[in-house]
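Here, each number is a calculation from the coordinates, and none is a lab measurement. Just so it is clear, the model here is predicted, and its values are computed rather than measured. When we count neighbours, we look across all protein chains shown, and the Cβ atoms used for this are built from the backbone with ideal geometry, even at glycine.
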Amino acid sequence: MGERAPSFSQKTPAGDNRPRLVCDACDFVQYVNPKVVVGSVCTWEDRILLCRRAIEPRRDHWTIPAGFLEENETVEDGVRREAWEEARAELELEGLLGLYSVPRISQVQLIFRAKLRSPDVTPGEESLEVRLCAWGEIPWDNLAFPSVRWALSHYRETRGQATFAVRSNPVGKTGDFPPPRP
């Protein structure tokens, strides 16, 4: 009953080069690290799965199935879980397509290329609507995030290739808004 919550202060620990939250009692350092986002560009034949977001940020905008990696989850399991949560989609992963850095919100995004096991998709609780879009049907002016545009473009670059190099942010792009028009 006499326990009290630990107290933390901002200070630069010995051997470090930036301020961190450090416990005043025991010098434990609480590191605040970037969040990991996992997702996929999923296809059925020549169509790409897009989900219209039911949640903020960017509600009503279109995205690929993606979200935060959970603790104790592999990247691949996280990709599959996100596709299921957002579109009730089951995937066959083909490989890591893109590794994107979005420093303004401290995110690292790992986006895979994947094939749908079935074209039968339906909105999960985080999606208002899901669609299988041909390239010309993608709502470019209503995409949720710049990295969605990057992943879709990188998918198109690698389409039909059994092996491909992992892509990254376009030169000079860090995920700031507004996303550029194609």
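Multiply the residue gap between V171 and W135 by 0.36 nm, knock off their C-alpha separation, and tell me the result in nm, one decimal place.
10.6 nm
According to the Kirkwood expression over distinct Cα-Cα pairs, how big is the hydrodynamic radius of the range 85-159, in Å?
It is 13.8 Å.
Which value in deg cm²/dmol, rounded to the nearest 500, describes the helix-derived mean residue ellipticity at 222 nm for the chain, given -39,500 (n - 2.57) per DSSP H run of n ≥ 4 and division by the residue count?
Here the helix-only value at 222 nm equals -4500 deg cm²/dmol.
Over the Cα atoms of the range 1-108, Rg to Rh with Kirkwood Rh, two decimal places?
Value, to two decimals: 1.14.
For the chain, list log₁₀ I(q)/I(0) at each q in 0.13, 0.19 Å⁻¹, using the Debye formula over Cα point scatterers of equal strength and ignoring solvent, two decimals each.
-0.69, -1.23
In degrees between 0 and 90, to the nearest 10, how far off the longest principal axis of the chain does helix 75-87 point, with axes built from Cα atoms?
The helix 75-87 is inclined about 60 degrees to the chain.
According to a simple spin-label model (label point 7 Å from Cα along Cα-to-Cβ), what is the distance in nm between F68 and A162?
Modelled inter-label distance: 4.0 nm.
Using Cα atoms only, what is the angle between the long axis of helix 146-158 and the major principal axis of the chain, expressed in degrees (0 to 90) to the nearest 10?
The angle comes out near 50 degrees.
Could you tell me the relative contact order of the range 1-76? Use alpha-carbon pairs under 8 Å, at least six residues apart, and round to a whole percent.
About 20 percent, as a whole number.
Under a 10 Å cutoff between Cα atoms, tell me which one of C42, C51, C23 has the largest fluctuation in the Gaussian network model of the chain.
Maximum fluctuation in the GNM of the chain, among the listed residues, is at C23.
Quick one: among Y155, Y31, Y100, which has the greatest mean-square fluctuation in a GNM of the chain with alpha-carbon springs under 10 angstrom?
Result for the chain, Cα springs under 10 Å: Y31 fluctuates most.
So for the chain, taking the charge dipole from beta-carbon charges (+1 Lys/Arg, -1 Asp/Glu), which of A83, N33, C23 sits furthest toward the positive end?
N33
Count charges around V75 for me, please; just the other residues with Cβ under 12 Å from its Cβ, Lys/Arg as +1, Asp/Glu as -1.
With Lys, Arg at +1 and Asp, Glu at -1, the neighbours total -3.
Straight-line reach from K35: which lysines fall under 22 Å, measuring Cα to Cα and dropping same-chain residues less than 8 apart?
Cross-link targets: K173.
Gaussian network model of the chain, Cα springs within a sub-10 Å range: biggest mean-square fluctuation belongs to which of G172, G124, G15?
Among G172, G124, G15, the largest mean-square fluctuation in the Gaussian network model of the chain belongs to G15.
Over all directions, the average projected area of the alpha-carbon convex hull for the range 1-55 comes to how many nm²?
Directional mean of the projected Cα hull area for the range 1-55 stands at 8.8 nm².
Using 1/(1 + (r/R0)^6) with R0 = 41 angstrom and r between the beta carbons of S9 and V108, what's the FRET efficiency to the nearest 0.05?
Calculated transfer efficiency: 0.90.
FRET efficiency for K115 and H61, Cβ-Cβ distance as r, R0 = 25 Å, nearest 0.05?
0.55
Tell me, how many Å apart are the Cα centres for the range 85-149 and for the range 23-64?
That distance is 10 Å.
Using amide H atoms built in the peptide plane, which far-off residues or other-chain residues are under 5 Å from E129 H to H?
R52
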